[in-house]
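Worksheet: one structure, shown below.
The values are calculated or read from the model by the stated rules, or taken from the named source; none is laboratory data. Predicted, not measured: the structure shown is a model, and the values here were computed from it. Cβ: placed from backbone, ideal geometry, glycine included. Neighbour counts: every protein chain shown. Remember, those area values only see protein heavy atoms, side chains included, never the ligands or the DNA or RNA. Shrake-Rupley method; radii C 1.70, N 1.55, O 1.52, S 1.80 Å.
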Amino acid sequence: MAVRNVGRKELEDLLVSFLVLVLLFSNFELSMLPYASLAVLTAFIFHELAHRQVARRYGYRAYYERWDTGIFLALLLGLASRILTGTTWVFAAIGAVRIHAPYAIDPGETFGRIAFAGPLVNLIIGITAFLVSLWSPSLSLAARTIAEVNVWLALFNLIPFPPLDGFKVFRWNTGLWAVSFGLAYLLLRVV
């Protein structure tokens, strides 16, 4: 029974977080909602599911949990910046995958790999979507939006400060962190 409730709660938390990010990445513009929805689906949902699946592969209990304070701050910053500057500033720390380990773990390598799974998925999707945007003009707006949001989310999450993924990746493998952070930075300038 408890597992079922966690599943329902996780789904609700993912949905609420998804909707908030869609509003923010659409710049609160109705015409951008379909593109932002696709981008957030591939960026945020796949990012969090990658963390969860890698953690479960290591045998841990893992599920996504939204952070209501972060959601409030994201909406407040998004609305205020939209009103004041015409552009929505996105604060994406609105939740995280919670990991429960039933036994002793190696927090360096194990949590480094779990943390890297999300940004890695974003980089792969971002690069793929960017290439699609170059090859298919009819899909250009959708593909570029998907690429931009994925690369932005990878870069944001790779910032090496706790509790972001970048902090755990940096502690585990500084070289891998540097290459992935640099790649995300360069890609964001190109996309």
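Can you put T69, T88 in order of accessible area, largest first, using a 1.4 Å probe? Please list the in-between numbers first.
Working: T69 75, T88 15 Å².
Descending order: T69, T88.
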With +1 at each Lys and Arg Cβ and -1 at each Asp and Glu Cβ, the charge dipole magnitude of the chain around its Cα centre, to the nearest 20 debye, comes out at 300 debye
For V97, list long-range residues whose amide hydrogen, built 1.01 Å from N in the peptide plane, is under 5 Å from its own amide hydrogen.
E65
Residue by residue through the stretch 94-101, what is 3J(HN,Hα) from phi via Karplus (6.51 cos²θ - 1.76 cosθ + 1.60, θ = phi - 60°)? Round to whole Hz and write x for glycine and proline.
10, x, 7, 7, 8, 10, 10, 9
Quick check for you: with a 1.4 Å probe and neighbouring chains kept, what is the accessible area per residue of the stretch 22-126, in Å²?
50 Å²
Residue by residue through the stretch 42-51, the couplings from Karplus 6.51 cos²θ - 1.76 cosθ + 1.60 with θ = phi - 60°, in Hz, x for Gly and Pro, are 6, 8, 6, 5, 5, 4, 5, 5, 5, 4
In whole Hz and in residue order, list the ³J(HN,Hα) couplings for the stretch 7-19 that follow from phi through the Karplus curve 6.51 cos²θ - 1.76 cosθ + 1.60, θ = phi - 60°; x for Gly and Pro.
x, 5, 5, 4, 4, 4, 5, 4, 5, 4, 4, 4, 5
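Starting from the Cα gyration tensor of the stretch 65-149, take the square roots of the eigenvalues, sort them a ≥ b ≥ c, and report rounded, prolate or oblate (rounded when a/c is under 1.5, otherwise prolate if a/b is larger than b/c, else oblate). Spell out each step's value before the answer.
On the way: a/c = 3.70, a/b = 1.25, b/c = 2.96.
Verdict is oblate for the stretch 65-149.
Please give the charge dipole size of the stretch 50-111, origin at the Cα centre, charges +1 on K and R Cβ atoms and -1 on D and E Cβ atoms. Round to the nearest 20 debye.
Values: 7 positive and 4 negative charges, 44 e Å.
In total the dipole reaches around 200 debye.
Over its Cα atoms, what ratio of radius of gyration to 2.2 N^0.38 Å does the stretch 7-99 give?
On the way: Rg = 14.0 Å, N = 93, 2.2 N^0.38 = 12.3 Å.
Normalised Cα radius of gyration, the stretch 7-99: 1.14.
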Dmax and Rg, reported as Rg then Dmax, of the chain (C-alpha, Å):
16.7, 51
Report the accessible area of R8, computed with a 1.4 Å probe over the heavy atoms of all protein chains in place, in Å² rounded to the nearest 10.
150 Å²
Heavy atoms only, probe 1.4 Å: what % of the accessible area of the stretch 33-156 goes to carbon and sulfur, would you let me know?
67 percent
Roughly how far apart, in whole Å, are the Cα centres of the stretch 53-104 and the stretch 138-181?
14 Å
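Let me make sure I get this right: for the stretch 33-72, a, b and c are the square roots of the gyration tensor eigenvalues over alpha carbons, sorted descending. Under 1.5 in a/c it's rounded, otherwise prolate if a/b > b/c, else oblate. Which is it?
Details: a/c = 4.87, a/b = 1.50, b/c = 3.25.
Oblate shape, in that a/c is at least 1.5 and b/c is the bigger or equal ratio.
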Is it possible to state the helix-based mean residue ellipticity at 222 nm for the chain, with each DSSP H run of 4+ residues giving -39500 (n - 2.57), the sum divided by total residues, to the nearest 500 deg cm²/dmol? What is it?
-23500 deg cm²/dmol
